[in-house]
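A short worksheet on the structure shown next.
The values are calculated or read from the model by the stated rules, or taken from the named source; none is laboratory data. Computed from a predicted structure; not experimentally measured. When we count neighbours, we look across all protein chains shown, and the Cβ atoms used for this are built from the backbone with ideal geometry, even at glycine. Calculation scope for accessible area: heavy atoms of the full protein, side chains included, ligands and nucleic acids excluded. Shrake-Rupley method; radii C 1.70, N 1.55, O 1.52, S 1.80 Å.
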Amino acid sequence: MEILKRIERWAPASGILFVGLMVIAFILIGEPARYDDSGSSIAAWLADNRRDLLLATILQGGALLMFLWYLGSLGTRLREAGEARLGAVAFGAGVVIAGMAAVTITVVGGLAYGIEQNTDSAMIKTLYDLQLAAGPLFAWPLAALAGATALASLRTGIFPQWYGLASAAGTVWFVVAGLSWAREGFFEVDGAAVWVGLIVFLAWTLVSSVVLLQQAQAREEAPRAAMASM
């Protein structure tokens, strides 16, 4: 039972593990093929990076597991603060994010896995471009996740005020990233706005995990401190 209590105390750290695994996966992927690349260029990139892409797929699968575990901690904390509806919104939005991510990860991993047998460059480009086009759509459930957390934090004071304000600012950026449907420039589907949104998401998750972890440890230490003062 003591081991289970320790695991529960450190559960919020799953967000930190999620970010770490994602960063390693992105390093392995390197500079990905772009939306305006030809099918043959995308196929060549998949073939040249096949091993690293498959390893990145495995790491991202583990990252999704850690993200879902982190969502459980965040949703539970919001419900404990009396924000059951916002907790449900945050958890539901996170599940949508995880589901969308699983699809896009599977597309790239599947293409890399079978690239030696697949010579249809048109099909490769279609599938690859579809998963890139999911980038702006990710921004909307991200806005719901961060927005619900920001509102609950600012309304109840469950988290530090700076965190609530930072979450609100992140929500605004996610909405901006969701508008990335330009043909070229900053707001391309795989342009800078989407990549900045990804960085903001990872940074926000990392900070959220640390805040949750600190609160979990403080709640555990509180009864001990009270007994010691008696």
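Based on Cα contacts under 8 Å between residues 6+ apart, the chain shows a relative contact order of 24 percent. Highest-first packing order for the peptide set 140-153, 159-172, 203-216 is 140-153, 203-216, 159-172, based on the mean count of other beta carbon atoms within 10 Å.
Treating each Cα of the stretch 140-193 as an identical point scatterer and ignoring solvent, apply the Debye formula and state log10 I(q)/I(0) at q = 0.13, 0.14, 0.15 Å⁻¹. With one equal scatterer per Cα and no solvent, log10 I(q)/I(0) is -0.37, -0.42, -0.46. Sorted on the mean count of surrounding Cβ atoms within 10 Å across their residues, most packed first, peptides 55-67, 38-50, 114-126 read 55-67, 38-50, 114-126.
Across the accessible surface of the stretch 1-125, with the other protein chains kept in place and a 1.4 Å probe, carbon and sulfur atoms take up 65 percent. The computed Cα extents along the principal axes in Å for the structure shown corresponds, within (i) 57, 39, 34; (ii) 49, 42, 34; (iii) 74, 37, 24, to (iii). Relative contact order of the stretch 63-131: 27 percent, from C-alpha pairs under 8 Å at least 6 residues apart in sequence. One decimal place: the segment Ala98-Ile58 gains 12.9 nm when fully extended, by the rule 0.36 nm per residue minus the C-alpha distance. With the simple model of a label 7 Å out from the Cα in the direction of the Cβ, Thr106 to Leu65 spans 1.8 nm. Our analysis of the stretch 49-153 gives Rg over Rh at 1.11, with the two radii drawn from alpha carbon positions and Rh computed by the Kirkwood formula.
Using the Kyte-Doolittle scale, find the helices of the chain whose mean hydropathy is at least -0.5 and whose Cα atoms extend 15 Å or more along the helix's long axis, counting only whole DSSP H runs. Numbers along the way, then the final one.
Numbers: long enough: 14-29 (22 Å, 2.84); 50-80 (45 Å, 0.53); 84-113 (42 Å, 1.71); 121-156 (53 Å, 0.90); 161-177 (24 Å, 1.03); 192-228 (53 Å, 1.00).
Membrane-span-like by this rule: 14-29, 50-80, 84-113, 121-156, 161-177, 192-228.
Take the Cβ atoms of Thr76 and Leu198, set R0 to 45 Å, and the FRET efficiency comes out at 0.95.
Using a probe of 1.4 angstrom and keeping all protein chains present, the accessible surface of the chain works out to 52 square angstrom per residue.
Full-extension gain between Val175 and Glu116, please, as 0.36 nm times their residue separation minus the C-alpha to C-alpha distance. It would help to have the intermediate numbers written out before the result.
Values: separation 59, 0.36 × 59 = 21.24 nm, distance 3.89 nm.
Contour length minus the Cα-Cα distance gives 17.3 nm.
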